[in-house]
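In what follows, a structure is listed as structure tokens, so that the remarks can point back to it.
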Amino acid sequence: MKKIAIIGAGGFGREVKMLIDHINQKDKQFEIQGFYDDKHYDHDINGVPYLGKIEKINEVDHPLCIAVAIGDPKTKKKIIQGINNPNIEFPTLIHPSVIIGLDNIKIGKGNIICAGVIITVDIEIEDFVILNLSCTVGHDTIIKNYSSFMPTVNISGEVVVNEAVYVGTGAKIINLLEIGENTIVGAGAVVYKSLPANCTAVGIPAKPIKFHE
């Protein structure tokens with residue numbers, strides 16, 4: 001088994017531990033070492049140790065897998081780019097219940113794909129993407145690095161989601177659209193038209209309400 005640790009000891013980090021536990025129930029792949037988090041914990045978290053601040057990962061002197069359980073794309077990207085230890089590997093974690101099509105699926109490294117997700121056909125998912133509980137990804141969709149999708153997001157076919165996009169719980173993205181990089185789609189929004197980069201969009205239909213760098 002490979003040794004694995006989780007960045008982020010909050011709620012989603014604990015859910016990622018559960019995901020790894022479920023993977024191991026089907027096929028023992030990982031030995032969970034604990035959590036790294038910049039918040040100090042003086043106790044175990046769901047039965048595994050607190051290992052210290054995230055910067056300590058660069059001091060690890062043995063092979064170690066890391067799962068980055070951070071939902072905010074900008075924070076996630078900054079943390080990942082700060083890890084420069086050749087001993088670190090970023091596996092993709094896929095819950096055993098996930099349904100993935102057999103035709104032309106490309107899935108990169110460091111992704112976290114949670115229970116109930118459906119990924120159909122002719123889909124590319126780059127690196128460090130989170131697909132939380134029961135998301136669906138339709139045909140011919142491209143999801144770029146660091147993007148995060150909260151539970152029950154539905155993505156129709158032929159959608160391009162650019163880098164570091166955050167999509168809130170229950171949002172829906174209609175087919176043949178593009179979401180610009182660093183954009184936030186609010187919970188429950190329905191995206192009928194493509195969205196520009198660096199905006200926050202909410203509502204039905206989703207419209208930008210502010211722009212940010």
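Sorting Asp21, Asp140 by accessible area puts them as Asp140, Asp21; the probe is 1.4 Å, largest comes first, and only protein heavy atoms count. Quick one: helix 11-26 against the long Cα principal axis of the chain, what's the angle to the nearest 10°, folded into 0 to 90? Relative to the chain, helix 11-26 is tipped by roughly 70 degrees.
Mind checking the alpha-carbon convex hull of segment 1-119 and giving the volume per residue in Å³? Mind showing how you got there, number by number?
Values: hull volume 13.7 nm³, N = 119.
Dividing the Cα hull volume of segment 1-119 by its residues yields 115 Å³.
For the pair segment 1-30 and segment 127-142, the centres of their Cα atoms are 19 angstrom apart. Calculated FRET efficiency, Glu55 to Ile118, Cβ-Cβ distance, R0 = 41 Å: about 0.65 to the nearest 0.05. Under the combined filter of DSSP loop state and at most 15 neighbouring Cβ atoms within 10 Å, segment 1-44 retains these chymotrypsin sites (Phe, Trp or Tyr not before Pro): Tyr41.
Among the listed values (1) 0.96; (2) 1.15; (3) 1.01, the one matching Cα Rg over 2.2 N^0.38 Å as calculated from this structure is (3).
Sorting 184-193, 158-167, 201-210 by average packing, meaning the other beta carbons within 10 Å per residue, from highest down gives 158-167, 184-193, 201-210. Taking 25 Å as the straight-line reach from the Cα of Lys144, the lysines in range (excluding those fewer than 8 positions away in the same chain) are Lys17, Lys74, Lys76, Lys77, Lys78, Lys106, Lys109, Lys172, Lys193, Lys207, Lys210. Distance between the modelled labels on His43 and Lys193, one decimal in nanometres: 5.1 nm (7 Å Cα→Cβ projection).
Full extension of the segment from Asp103 to Lys3, taken as 0.36 nm per residue of separation minus the current Cα-Cα distance, would add 32.9 nm.
The modelled label-to-label distance for the pair Lys74/Asp27, using points 7 Å beyond Cα in the direction of Cβ, is 3.9 nm.
The values are calculated or read from the model by the stated rules, or taken from the named source; none is laboratory data. From a predicted model like this one, the values you see are computed outputs, not experimental measurements. Don't worry about glycine lacking a Cβ; one is built from the backbone with ideal geometry, like all the others, and counts go over all protein chains shown. Just the protein is used for accessible areas: all its heavy atoms, side chains included, with ligands, DNA and RNA removed. Shrake-Rupley method; radii C 1.70, N 1.55, O 1.52, S 1.80 Å.
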